[in-house]
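K.L.:
Provided herewith is a single structure, encoded as structure tokens, for subsequent inquiry.
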Amino acid sequence: MLFKATKICFRVFCQTGIIPNVTAIKLMLLAWMIIHPLTVSAGLGTHRDLLVADQPASPGPARTEVRITYLGTNGYLFETRGVAILIDPYVSRIGLLPAAFNAKIAPDPAQIRSILNRLPKRIDAILVTHGHIDHLLDAVPISRATGAQLVASRSSLLLATPAGATRVRAVAPGDVIRVGRSTVRVLPAGHDRLFGRIPFPGSRQKPGLAPVRVADWICGEPLAFLVELAGHRIYVDSGGTLQTDPPQGPVDLAILGVALPDGRARFAQAVRRLEPRYVLPSHQDNFFRPLGRGFSFGLLTNFPQVRREHAGRHLPGKLILLDYFRPWTLR
């Protein structure tokens, strides 16, 4: 209801010209900041039957297994023997107020140190789906600390390099790269719209200054990845629209962004195409909330709808959820 009401207000503002679009967005985000503490932030409690996790004392993955650890937002660690890959790591959790008012931002050193203590000492690659802060900001210091190659679109790397990234590889849809004993296929993707618009759109075509403010971290060219390792195929994106189909399956695991209505609208279509053994809805936690406070669904998400659709439409694959830093092994 809040999302629908806010969307109507946004359209009225834009059509009447009462205030500029950007100002309208800021006012609505400010309203969310006021309303959000008054609402009950739903956690994973009502969906614990979908949670999967290894036993605490479980050994590391065998050569035919992939251990997957959820890092929050759309961040994942894929591990098999001899290979470690990160997807979209984001732990700084810039607050809603700085995001709404386009403040100057930087990775949080304490949070970066904390996540490094949870990661393998060596990471082979960091795959980045697009250039927004909740996907690229922390990838830069983590890549430097772990020696990982930062794999992203040209636009994203033109943001990351002046921000401090040193070991980078630009990719585009259709590219196939090797990461240790794994193969990564780069696929086209889209970005969900917020009130009919892609947040912080645009691309960077030539080198420039390091991004300073939230809006400097532009979307660029969204990517998806099909990661093939230890005999398994894992598809991952951060969302999209009905016009951005994933590849034809089957895959072992489909990680699909459902943060906003566009991602949820394409969910059934994407799952049917991918034919996964497991399907993991992603990018649905409140990424303005510190990781230490635990999982809480974002204000604009609607996981009960996703769950009903998966069951009601008899979509392929077992629907699962992961909690922060609780590894699960894909066998």
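The values are calculated or read from the model by the stated rules, or taken from the named source; none is laboratory data. Keep in mind the model is a prediction, meaning the values are calculated, not measured. Reconstructed Cβ throughout: ideal geometry from the backbone, glycine too, with neighbour counts over all protein chains shown.
A quick yes/no check of all residues on (1) outside the structural domain of W217 (by TED's automatic domain parsing); (2) part of a helix (DSSP H, G or I); (3) under 17 Å from the mean Cα position of the chain (by Cα); (4) closer than 23 Å to D237 by Cα:
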| site | (1), (2), (3), (4) |
| --- | --- |
| S92 | no, no, yes, yes |
| Q111 | no, yes, no, no |
| R122 | no, no, no, no |
| T129 | no, no, yes, yes |
| I142 | no, yes, yes, yes |
| V151 | no, no, yes, yes |
| T166 | no, no, no, no |
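K.L.:
Moving to a separate point now. Residue by residue through segment 298-323, note down the ones that are touching a Pro at 6+ places or on another chain (Cβ under 7 Å) and of a type in the set (A, V, I, L, M, F, W, C).
P.N.:
F303, V306, listed by residue number.
K.L.:
What pairs come out if I take residues in segment 51-71 that are in contact (Cβ under 8 Å) with a residue 24 or more places away in the chain and closer than 16 Å to G82 by Cβ and pair them with residues that are of a type in the set (D, E, K, R) and in a loop (DSSP other than H, G, I, E, B) whose C-beta lies under 6 Å away, six or more apart or interchain?
P.N.:
Listed pairs, sorted by first residue: R63/R81; E65/R331.
K.L.:
Go through L136, L116, L157 for me and flag whichever is in contact with a helix residue (DSSP H, G or I) (Cβ under 9 Å, 6 or more places away or on another chain), touching a residue at least 12 places away in the same chain (Cβ under 8 Å), within 18 Å of D216 (Cβ to Cβ) and not in a strand (DSSP E or B).
P.N.:
Residue meeting the stated conditions: L136.
K.L.:
To continue, here is another question. Considering only residues that are modelled with pLDDT of 95 or more and assigned to a loop (DSSP other than H, G, I, E, B), look in segment 179-192 and name the one that is surrounded by the fewest Cβ atoms within 10 Å (Cβ to Cβ).
P.N.:
Step one: list which residues in segment 179-192 are modelled with pLDDT of 95 or more, which gives 179, 182-192.
Now narrow it down to the ones that are assigned to a loop (DSSP other than H, G, I, E, B): 189-192.
Details: A189: 24, G190: 22, H191: 26, D192: 24.
The selected residue is G190.
K.L.:
I218: β-branched (V, I, T), closer than 30 Å to A163 by Cα and part of a loop (DSSP other than H, G, I, E, B), yes or no? Outline the logic, then answer.
P.N.:
On the way: β-branched (V, I, T): yes; closer than 30 Å to A163 by Cα: yes; part of a loop (DSSP other than H, G, I, E, B): yes.
Taking the combined requirement at face value, the residue satisfies it.
K.L.:
Still on this structure, please answer the following. Counting only residues that are within 16 Å of the chain's Cα centre (by Cα) and among the aromatic types (F, W, Y), give me the helices (runs of 4 or more DSSP H) lying completely in segment 250-331 with at least 1 of them.
P.N.:
Ranges flagged: 267-274, 303-312.
K.L.:
Kindly establish whether L127 is buried (at least 24 other Cβ atoms within 10 Å of the Cβ), in contact with a Pro (Cβ under 8 Å, 6 or more places away or on another chain) and under 19 Å from H191 (Cα atoms).
P.N.:
no
K.L.:
Identify all residues within segment 30-64 that are outside any loop (DSSP other than H, G, I, E, B) and at pLDDT 55 or above; write none if there are none.
P.N.:
G45, T46, H47, R48, D49, L50, L51
K.L.:
Which of the residues belonging to segment 97-111 are out of contact with any Ser or Thr (no Cβ under 9 Å at 6 or more places or on another chain) and either of a type in the set (D, E, K, R) or surrounded by 18 or more Cβ atoms within 10 Å (Cβ to Cβ) (or both)?
P.N.:
Listed by number, the residues that qualify are A99, A100, K104.
K.L.:
Which of (1) of a type outside the set (S, T, N, Q); (2) part of a strand (DSSP E or B); (3) over 17 Å from Y76 (Cβ atoms); (4) within 19 Å of the chain's Cα centre (by Cα) does L226 not meet, given it meets every other one?
P.N.:
Going through the list (1) of a type outside the set (S, T, N, Q); (2) part of a strand (DSSP E or B); (3) over 17 Å from Y76 (Cβ atoms); (4) within 19 Å of the chain's Cα centre (by Cα), L226 breaks only (3).
K.L.:
For the structure I just gave you, tell me whether N302 is surrounded by fewer than 21 Cβ atoms within 10 Å (Cβ to Cβ) and either closer than 21 Å to P246 by Cα or not aliphatic (A, V, I, L, M) (or both).
P.N.:
Yes: the conditions hold for N302.
K.L.:
Moving to a separate point now. Could you figure out which of (1) under 17 Å from H130 (Cβ atoms); (2) assigned to a strand (DSSP E or B) isn't true of F200?
P.N.:
Just one mismatch for F200, condition (2).
K.L.:
State yes or no: is V176 assigned by TED's automatic domain parsing to the domain that holds N74, surrounded by fewer than 22 Cβ atoms within 10 Å (Cβ to Cβ) and touching a Phe, Trp or Tyr at 6+ places or on another chain (Cβ under 6 Å)? Walk me through how you get there before you give the answer.
P.N.:
On the way: assigned by TED's automatic domain parsing to the domain that holds N74: yes; surrounded by fewer than 22 Cβ atoms within 10 Å (Cβ to Cβ): yes; touching a Phe, Trp or Tyr at 6+ places or on another chain (Cβ under 6 Å): no.
Criteria not met by V176.
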